[in-house]
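The values are calculated or read from the model by the stated rules, or taken from the named source; none is laboratory data. What you see is a predicted model; the values in this text were computed from it and never measured. Backbone-built Cβ (ideal geometry, glycine too); neighbour counts: all protein chains shown.
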Amino acid sequence: MGVALALTMTLSAIPLSPRAVAASDSGNETFTNPVMYADVPDVDVIRVDDAYYMVSTTMHLSPGCPVMKSTDLVNWETVSYTYDILDDGDKFALRNGESDYGNGSWAASIRHYNGKYYVSFASLSTGKTYIFSTTDVENGTWHRSEFNGYLHDVSLLTTQDDGMYVVYGSGTARCRPVYEDENGDITLGDEVTLIEYTGLDNDGNPVNGPVSYISEGIHAYEIGDYYYLFMIQWPTGGRRQEVCWRASSLDGPWESRKVFDSGLEFDGQMDNAGVAQGGIVQAADGSWYAMLFQDHSSVGRIPVLVPVTWEDGWPVFGDENGQAPVEMDLPGTYTGEKDIVVSDEFYNGQPHSFAADNSSVSTAADTAPQNAAAVEAQPTADQEAERMELIVNGSFEDGTENWATQQTATLTPVDEDGNTVLLVSDRTNTTSGPKQVLTGQLSQGQKVQVSAKVKYNDGPASKTFNFCIQCGDWRGIDVVGSVTAQKGQW
């Protein structure tokens, strides 16, 4: 069971065949920069085994903070979303003349640490910072932790011995330790200032004081003997540049360099807008790359891939001339052309597998309001002229026996007017609620009848609830019953 918005977001993510934003793969084991001529701003990339995963700024869009996957750093496809709904206030819902365009989630960071994936970002809309976690980045459920306070361009920093941190700031660099309990809930420790002033002059020297431009977009790493902070700045009279700070201890002392100051040749002409802001990633063969962006006006911030080498513990960006190359060999393993954008034509003509397995996976956690819902479900199947009741304990007389939770929710049998109903509370997602596994009891072509009663006590005056059946991951969710309920009424 879930509200109608969960249906909308699920269908919008179904991968179909028409191509909309192709990668720049040339088809001969080379590619041309930019990686994609599309707005994929403020990117951050990691590699886990043979797969690269990338996140980006998606601002007001929902579902938000998509996770993209590639095997070669060029051909990318969207494999999951970190959240369905970031906030359900008027701005995000476009109610009462409000909107949130240009705000929402900014500058996401992704890391893989101790067998889990973590994504962090902050939102000016809510004034909060978020960390999501999952053990399955492509099909898993994301666990949400949120913190009051906007931590600008927050980056996750994972270390060998000292755990995990968030590093953030604009014109400065600060950090807070990350603590995670056995339930996956995350808290942040006290703030520590790493670097008071992060701005460099055009020669790459620390300014050691306030400047008229900002350095931001931190990407933090522990590599070898050093901690590295990569940042973007746009000095007066210059263009966007990539700068780097390093130290052998988070306590300092910190050294700095300007590591990249380049435009990009595009369609045969040099575009001198600076290529900067992003992170670095090591390929399986040991080579290093930086995924940065270049601002292309109304098109947006387009991703640019740049080779990285190392000298005396400092990263060196660019080709032999220190510039963003127009053409490069395709890194990694080519597994075919991919696309981050797919058609929203929901039907692609392919047969739908109605019921094949019991893997029940939904998308992300969100801030849907808590609801008290009571459900009676007695679906039947017309199979060989026999009617068979599939839902067990649909009247909840045996409590929650045979019932489980979809996403995070609390199921409590309660008495109402002499009938046992199921109170569903502490919901964290539009798809949060009770479920039963019917694997092996359904086959394609069967007729199924479903019935349910629902009442909710918190939220707007009316709300739509769906009765869904799911085969496989989120792409196999079908709504088999729907009702618009009035608050406080069955």
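Numbers for the structure displayed
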{"read-out": "Test: residue in the stretch 249-256 that is closer than 22 Å to Ile195 by Cα and of a type in the set (A, V, I, L, M, F, W, C)", "value": "yes"}
{"read-out": "Test for Met270: is it of a type in the set (A, V, I, L, M), in a strand (DSSP E or B) and under 31 Å from the mean Cα position of the chain (by Cα)", "value": "no"}
{"read-out": "Any hit, the stretch 204-213, residues being within 26 Å of the chain's Cα centre (by Cα) and among the polar types (S, T, N, Q)", "value": "no"}
{"read-out": "Residue that is farthest from Asp84 (Cα to Cα) [pool: residues in the stretch 474-490 that are at pLDDT below 80 and outside any strand (DSSP E or B)]", "value": "Gly476"}
{"read-out": "Top-ranked residue of the stretch 148-196 - restricted to ones that are closer than 17 Å to Ala107 by Cβ and hydroxyl-bearing (Ser, Thr, Tyr), ranked as surrounded by the most Cβ atoms within 10 Å (Cβ to Cβ)", "value": "Ser155"}
{"read-out": "Test: residue in the stretch 82-92 that is within 28 Å of Leu305 (Cα to Cα) and either under 16 Å from the mean Cα position of the chain (by Cα) or surrounded by 19 or more Cβ atoms within 10 Å (Cβ to Cβ) (or both)", "value": "yes"}
{"read-out": "Conditions (1) closer than 15 Å to Arg174 by Cα; (2) modelled with pLDDT of 95 or more: number failed by Tyr226", "value": "(1)"}
{"read-out": "Criterion: touching a strand residue (DSSP E or B) at 6+ places or on another chain (Cβ under 8 Å) and in contact (Cβ under 8 Å) with a residue 60 or more places away in the chain - qualifying residue of Trp310, Trp288, Trp254", "value": "Trp254"}
{"read-out": "Options Ala452, Ala374: the member that is over 29 Å from the mean Cα position of the chain (by Cα), closer than 22 Å to Ser482 by Cβ, modelled with pLDDT of 80 or more and aliphatic (A, V, I, L, M)", "value": "Ala452"}
{"read-out": "Unique residue being under 29 Å from Thr408 (Cβ atoms), at pLDDT 60 or above and assigned to a strand (DSSP E or B) when the list is Pro34, Pro66", "value": "Pro66"}
{"read-out": "Condition met for Ser170 (under 25 Å from Val316 (Cα atoms), part of a loop (DSSP other than H, G, I, E, B), in the same structural domain as Lys116 (by TED's automatic domain parsing) and among the small types (Gly, Ala, Ser))", "value": "yes"}
{"read-out": "Matching strands (runs of 3 or more DSSP E) fully within the stretch 185-261 where at least 3 residues are within 21 Å of Val281 (Cβ to Cβ)", "value": "215-223, 226-233, 241-247, 255-260"}
{"read-out": "Residues located in the stretch 93-138, provided they are in contact (Cβ under 8 Å) with a residue 12 or more places away in the chain, surrounded by fewer than 18 Cβ atoms within 10 Å (Cβ to Cβ) and farther than 24 Å from Leu157 by Cα", "value": "Ser99, Tyr101, Gly102, Asn103"}
